[in-house]
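Chemist: Below are the structure tokens for one structure; questions will follow.
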Amino acid sequence: MKIIVSEIPEEGIELDLTEDIRDDVIRIASPVHASLKIEKRASEVLVTGEISGEVKLQCSRCLKNFSVNIKSPVEVVYHPADAVGRDENYELQSDELDMGFYRNDTLDTDELLKEQLLLNVPMKPLCSPECKGICPKCGTDLNAAQCNCGFSEIDPRLKVLEQLLKRKE
Ligand SMILES: [Zn+2]
Ligand SMILES: [Zn+2]
């Protein structure tokens, strides 16, 4: 959905969105829900509310596909990209909020929802905090079976520590 910034009324706009959104980076299971309040403050646009959606991820340890429900508050200030580029003295002063840019007097809520979902996707997704991963040698899914390769799931940094401790003994 596209919002014309100059047409946002004084009292703001309240939106309840249910959108099908596609993205190349993350696989979003549709639909995505959001309830947003969009307000204009001088040339900036303040967007607050909440977003929820389901994202399909691949576990970074065992490579299994799984999905997570993301539910997150939204609080973004959009600045006019043209003015920011033109005016060196334009001040970006929204420290505590997410920041975005709009172009040509238009704010695209699909982009907004996408960005907000992306922000909340874990960098190293895990199907479960206890996921044991895959044996690097034989490829066995260690959640389902054990193998005899002797790879423990100790963090490599801990392993160094373990060796140091052994040496001391
Ligand atoms: Zn896993
Ligand atoms: Zn193995």
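The values are calculated or read from the model by the stated rules, or taken from the named source; none is laboratory data. Remember, predicted model here, so these are calculated numbers, not experimental data. Using ideal geometry, Cβ is built from the backbone for each residue, glycine included, and neighbour counts are taken over all protein chains shown. Each accessible area value is taken on the protein alone, full model and side chains, heavy atoms only, with ligands, DNA and RNA left out. Shrake-Rupley method; radii C 1.70, N 1.55, O 1.52, S 1.80 Å.
Chemist: Quick check: anything in the range 89-102 in contact with a Lys or Arg (Cβ under 8 Å, 6 or more places away or on another chain), within 28 Å of residue 36 (Cβ to Cβ) and away from ligand 2 (no atom under 16 Å from the Cβ)?
Modeler: no
Chemist: Another question, then. Quick check on my filter: what residues within the range 58-91 are within 13 Å of the chain's Cα centre (by Cα) and within 16 Å of ligand 1 (Cβ to nearest atom)?
Modeler: 68
Chemist: Let me ask something additional. In this structure, does residue 22 turn out to be among the charged types (D, E, K, R) and more than 13 Å from the chain's Cα centre (by Cα)?
Modeler: Spelling it out, residue 22 is indeed among the charged types (D, E, K, R) and more than 13 Å from the chain's Cα centre (by Cα).
Chemist: May I pose another question? Does residue 55 fit the bill of being within 14 Å of the chain's Cα centre (by Cα) and open to solvent by less than 30 Å² (accessible area, probe 1.4 Å)?
Modeler: Against the criterion (within 14 Å of the chain's Cα centre (by Cα) and open to solvent by less than 30 Å² (accessible area, probe 1.4 Å)), residue 55 qualifies.
Chemist: Oh, and also: Out of the residues in the range 36-49 that are open to solvent by 50 Å² or more (accessible area, probe 1.4 Å) and not in a loop (DSSP other than H, G, I, E, B), which is farthest from residue 112 (Cα to Cα)?
Modeler: 41
Chemist: Could you list, in sequence order, all residues of the range 26-35 that are small (Gly, Ala, Ser), surrounded by 13 or more Cβ atoms within 10 Å (Cβ to Cβ) and over 14 Å from residue 108 (Cα atoms)?
Modeler: Passing the criteria: 29, 35.
Chemist: Here's something else I'd like to know. Suppose the filter is assigned to a strand (DSSP E or B) and either within 16 Å of ligand 2 (Cβ to nearest atom) or not β-branched (Val, Ile, Thr) (or both); does residue 83 pass it?
Modeler: Answer is no for this residue.
Chemist: I would also like to ask the following. Go through the range 1-25 and give me each residue that's closer than 20 Å to residue 117 by Cα and surrounded by 16 or more Cβ atoms within 10 Å (Cβ to Cβ).
Modeler: Once the filter is applied, which keeps residues that are closer than 20 Å to residue 117 by Cα and surrounded by 16 or more Cβ atoms within 10 Å (Cβ to Cβ), the range 1-25 yields 3, 17, 19, 21.
Chemist: Quick check on the range 117-161: of everything there that is on the phi > 0 side of the Ramachandran plot and over 27 Å from the mean Cα position of the chain (by Cα), which residue is modelled with the highest pLDDT?
Modeler: 139
Chemist: Another question, then. Which number in (1) at negative phi; (2) of a type outside the set (Asp, Glu); (3) in contact with a Ser or Thr (Cβ under 9 Å, 6 or more places away or on another chain) marks the one condition that residue 102 misses?
Modeler: Condition not satisfied by residue 102: (3).
Chemist: Pull up the range 57-113, narrow it to residues that are out of contact with any strand residue (DSSP E or B) (no Cβ under 7 Å at 6 or more places or on another chain), among the polar types (S, T, N, Q) and modelled with pLDDT of 90 or more, then point me to the one that is farthest from residue 6 (Cα to Cα).
Modeler: So the residue we want is 60.
Chemist: Then there is this: Is there a residue in the range 86-97 that is closer than 30 Å to residue 144 by Cα and touching a residue at least 12 places away in the same chain (Cβ under 8 Å)?
Modeler: So far as the range 86-97 goes, no, none of its residues is closer than 30 Å to residue 144 by Cα and touching a residue at least 12 places away in the same chain (Cβ under 8 Å).
Chemist: Under 7 Å between Cβ atoms, at least 6 apart or on separate chains: pull out the pairs that start in the range 130-152 with a residue that is away from ligand 1 (no atom under 15 Å from the Cβ) and end on any residue that is open to solvent by less than 50 Å² (accessible area, probe 1.4 Å) and polar (S, T, N, Q).
Modeler: Final answer for the pair search is 147/140.
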